[in-house]
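Working notes, structure below.
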Amino acid sequence: MRLTIIGSSGSFPGPASPASCYLVEADGFRLLLDMGNGALGVLQRHADIYGIDAVYLSHLHADHCFDLCSYWVARTYPHGGPKPPIPVYGPPGVADRMAEAYGLEPDPGMRETFDFRELAPGEIAIGPMTARLDRVNHPVDAFGIRLEHGGSSLAYSGDTGACDELVELAAGVDLFLCEASFHDHREHPKDMHLTGSEAGEHAQRAAARRLVLTHLVPWNDDECTLSEARTTFDGPIDIARSGAVYEVGSAALKPV
């Protein structure tokens with residue numbers, strides 16, 4: 001699998017990155033993990049937006065889903081007529097939530113452009129990839145995902161506080177894309193996000209091969225987040241940067 005970081009900014013777009021969005025490719029199939037605000041513009045640097053085969057929305061906070069509204073416009077009104085519907089996987093209620101976000105009536109909402117499929121814990125196929133899903137610890141219905149293909153594996157936390165489900169999803173993965181929104185030395189709400197050290201602890205417990213820290217809030221110091229993660233994880237760690245590419249499952253397993 002090939003992972004391209006489209007956006008890694010947490011809560012709102014930063015000066016160097018849109019909000020959360022990650023492109024995963026396998027056997028020519030292109031899956032977007034989340035589509036936060038600002039993502040569609042940057043996505044066009046890395047892929048044909050009409051070549052996307054499916055979208056997965058980890059949860060329905062704006063910084064993870066609102067550019068699906070722009071993508072709906074792009075697929076509904078291009079020259080030559082609407083593009084064929086593609087699957088959009090999301091938490092229960094995703095179709096109505098996205099219609100509401102754009103001010104559409106729920107019926108049909110965006111259903112003529114997207115084939116909405118509601119998430120539940122368990123295993124499904126997304127294109128050629130096997131996906132394992134479980135709920136994670138966030139104030140709204142939110143899912144983490146593990147993707148496997150051809151002997152390679154990656155896990156994506158979405159947004160979450162500390163939880164055992166995340167460790168299980170990331171067990172032994174080649175690459176663990178994990179949120180690290182908070183700093184240890186500041187007070188923060190519980191059961192919402194992870195600090196760098198908590199992300200590292202989850203990766204260590206999971207025995208992940210590589211940790212990539214994401215959902216980096218613009219007002220935080222990324223180097224501080226990285227330093228905190230290094231206190232609890234003894235494997236290689238990267239900060240997710242917009243435009244970085246990883247060949248997941250390769251011997252090097254580092255940005256290319």
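Tallying residues that are assigned to a loop (DSSP other than H, G, I, E, B) and under 17 Å from the mean Cα position of the chain (by Cα) within region 163-181 yields 5. With the condition kept exactly as written, say whether any residue in region 66-78 is open to solvent by 30 Å² or more (accessible area, probe 1.4 Å) and under 24 Å from W219 (Cα atoms). For region 66-78, residues open to solvent by 30 Å² or more (accessible area, probe 1.4 Å) and under 24 Å from W219 (Cα atoms): present. If you check P139 against the conditions, is it out of contact with any Gly (no Cβ under 7 Å at 6 or more places or on another chain), closer than 23 Å to L68 by Cα and open to solvent by 60 Å² or more (accessible area, probe 1.4 Å)? It is true that P139 is out of contact with any Gly (no Cβ under 7 Å at 6 or more places or on another chain), closer than 23 Å to L68 by Cα and open to solvent by 60 Å² or more (accessible area, probe 1.4 Å).
Every listed requirement among (1) outside any loop (DSSP other than H, G, I, E, B); (2) open to solvent by 10 Å² or more (accessible area, probe 1.4 Å) is met by S11 save one, (1). Annotation note: of E112, E123, the sole residue that is surrounded by fewer than 17 Cβ atoms within 10 Å (Cβ to Cβ), touching a Lys or Arg at 6+ places or on another chain (Cβ under 7 Å) and either part of a loop (DSSP other than H, G, I, E, B) or of a type outside the set (S, T, Y) (or both) is E123. Restricted to region 182-256, the set of strands (runs of 3 or more DSSP E) holding at least 3 residues that are buried (at least 21 other Cβ atoms within 10 Å of the Cβ) and either under 17 Å from the mean Cα position of the chain (by Cα) or modelled with pLDDT of 95 or more (or both) comprises 211-214.
The values are calculated or read from the model by the stated rules, or taken from the named source; none is laboratory data. What you see is a predicted model; the values in this text were computed from it and never measured. Neighbour counts run over all protein chains shown; Cβ positions are idealised from the backbone, glycine included. Heavy atoms of the whole protein, side chains included, go into the accessibility calculation; ligands, DNA and RNA do not. Shrake-Rupley method; radii C 1.70, N 1.55, O 1.52, S 1.80 Å.
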